[in-house]
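Working notes, structure below.
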Ligand code: NAP
């Protein structure tokens, strides 16, 4: 019996938990094998696409075109979408094992890293995830509020998420109004009094985590100038060596763009209303304020260590920066799933090439892809080879996988029905999708997202 999975007589049954890019690339790779495989994608929200829908910035619509590829995968007759089903809550991993021969975890890394500094939880201090989820209409964040009556915002971190946060804060409403930004966000940002955004990196201008396309955009905004102090671009010997290395072309490009910004100076003609100040070699020590954040205490850093592995080290000199809004954007951390091994320090499921391990023991039938496999790094396309690797290992293992005892999606649907879980299938999602696109037409937006699950169900129920 054990060696029939993936054949005409008995398809390999795979559950993919999560419907973001890594999950869809895993589904696509499974179908590409031309073996007999059934893929069921289980998603906590009624809407698919994870970070493409809820993470990619609304003013970066082109990046979202990748959804067309995922839709093609979803049209495979052996694909079934189970939206609004939370694994670990509505159905356990042990229960999924009854209906699937293999389970692929593709649920990303949804928690923010903390800074661990005093005052981090003061009112006015937020995570980048909150703001990103809020402007992207994520049901978990649609109720959040941000005090845009403040004039100064600080963003800690210099990755692409920090860039997104800064750009949304710096853009005019005209630059945002025809995107798929949530209407509540557009209305709140229209009242924004923010004049200065400070993006603060703990290391230097040669170690920035963002990508050139993203930083370059700040030179082209309608009403915001990027400000870089020329002295801040002075490099130590190790950093100069890093930039001279052709393997560090991305960092060199970033540095060149920062130099262009610095050369503009503050007094150039046609100054714009808002400023994005880009700072280096500063770490936050504390947030200070009575009822709410009023300033951030920063320590100046120097870089220590060998070229390409330099770290920030405080030099004891402290500076204060007044601000009324504070965002930390210092990366994400994965969360554990009940009954699945977890490596807390890295926030990932321990795995070797996507095969999940419990210590030295491989857990047969359990796999990981994407951020929960490798940590929160890379762009959307990085997930394709990552998922391919895991799927290759699934097929290698297929002859030894234990066939599940109840190999039919109907059994899972019955279980969910008994538990009173309303499952959103792909054609339900397409109805929600069509309703969002229709709503968007009035305001000439690509779509007007439903920002609560209740609204999505209302759209389905007519
Ligand atoms: P990231 O790229 O890892 O950047 C994290 C930033 O936080 C770095 O500047 C890091 O500095 C800094 N940091 C970490 N711990 C810190 C601390 N304790 N104090 C001060 N600074 C600290 O993470 P991300 O921005 O969250 O992005 C996650 C992934 O999504 C990335 O691969 C990113 O490229 C991708 N993404 C891509 C796009 C796009 O393509 N447009 C958009 C959004 C996100 P160090 O370098 O010193 O560690």
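Any residue that is within 16 Å of the ligand (Cβ to nearest atom) and either farther than 20 Å from residue 418 by Cβ or at pLDDT 95 or above (or both) - is there at least one of those in region 74-84? Within region 74-84 (the criterion being within 16 Å of the ligand (Cβ to nearest atom) and either farther than 20 Å from residue 418 by Cβ or at pLDDT 95 or above (or both)), the answer is no, since none of the residues qualifies.
The residue list 68, 35 contains one member that is surrounded by fewer than 19 Cβ atoms within 10 Å (Cβ to Cβ) and farther than 20 Å from residue 432 by Cα, which is 35.
Looking across 261, 280, one residue alone is more than 15 Å from the ligand (Cβ to nearest atom), crowded, with 19+ Cβ neighbours inside 10 Å, within 24 Å of residue 240 (Cα to Cα) and under 28 Å from the mean Cα position of the chain (by Cα). It is 261. Residue count for region 153-181, restricted to those that are away from the ligand (no atom under 14 Å from the Cβ), surrounded by 20 or more Cβ atoms within 10 Å (Cβ to Cβ) and more than 19 Å from the chain's Cα centre (by Cα): 4. Restricted to region 296-385, the set of strands (runs of 3 or more DSSP E) holding at least 2 residues that are within 11 Å of the ligand (Cβ to nearest atom) and more than 30 Å from residue 103 (Cβ to Cβ) comprises 311-322.
Considering each of 426, 411 in turn, give the residue that is within 23 Å of residue 70 (Cβ to Cβ) and either more than 16 Å from the ligand (Cβ to nearest atom) or not assigned by TED's automatic domain parsing to the domain that holds residue 42 (or both).
Working: 411 fails: within 23 Å of residue 70 (Cβ to Cβ).
Every option except 426 fails the conditions.
The values are calculated or read from the model by the stated rules, or taken from the named source; none is laboratory data. What you are looking at is a predicted structure, and each value in this text was computed from that prediction instead of being measured. Every residue, glycine among them, receives a Cβ derived from its backbone with ideal geometry; neighbour counts consider all protein chains shown.
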